[in-house]
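Participant: First the structure, then my questions, so here it is.
Readers should treat all values here as calculations from the given coordinates under stated rules, not as data from a laboratory. Model, not experiment: these values are computed from the prediction. In this analysis, Cβ positions are derived from the backbone assuming ideal geometry, glycine residues included, and neighbour counts consider all displayed protein chains.
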Amino acid sequence: MKFSKLKTLVLAVVIAASPALPAFAGINCVTEVRFSPRGGAEELLVNALSKATTRVYISIYGLTAPGVVQALIAAHQRGVALYIKADKLQSAGKSQIEAIKKLSDAGVVVVVSKKHRQLHNKFAVIDGKVVITGSYNWTANGNLVNAENVVQLTCPALALLYEEEWKKLE
């Protein structure tokens, strides 16, 4: 679903939520929104990852959904540079250990955060143009059980801010 009227509202909320962000007068972002359970959240993410051509920055709390893990491996195999930072507590859990091992076995490096009590972000920046964010945990429960949301914003100005934030995370 594309929500042209919603795009301005979503971006305004994102920008207003952080007073450190500069104002973007007249910015125009293409926005897609999905909800879970079973509302297409994982499908939106996997589809966006399948279109990546150069680089993907990811900051993620939970990363166990097999479809997402496979989409990341496929992106890596296409030559897309993946930069993944994951939460340390979640990464100590059995399911996430298995997912990180699959990624690692495929040559994908996942850096586990050591600084933050929780790296609770759930975002990806694709090719410096597309931001995927929201409450959606990249897990089976996030897709099939929990009430969550994911927003895709095709917006290079916003993507730059998310890439800068990713670089600050440890």
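Participant: Which FRET efficiency value, to the nearest 0.05, do you get for Asn28 and Thr53 by plugging their Cβ-Cβ distance into 1/(1 + (r/R0)^6) with R0 = 25 Å?
Facilitator: Once the sixth-power term is evaluated, E becomes 0.65.
Participant: Suppose R0 equals 22 Å; then what is the FRET efficiency for Glu43 and Ser104 from their Cβ-Cβ distance, rounded to the nearest 0.05?
Facilitator: Computed FRET efficiency for Glu43 and Ser104 comes out at 0.30.
Participant: Next question. Quick one: dipole size for region 33-170, taken about the Cα centre, charges +1 on Lys/Arg Cβ and -1 on Asp/Glu Cβ, in debye to the nearest 20.
Facilitator: Approximately 240 debye in magnitude.
Participant: For region 24-170, max minus min Cα coordinate along each principal axis, in Å, sorted largest first?
Facilitator: Result for region 24-170: principal-axis Cα extents of 46, 33, 31 Å.
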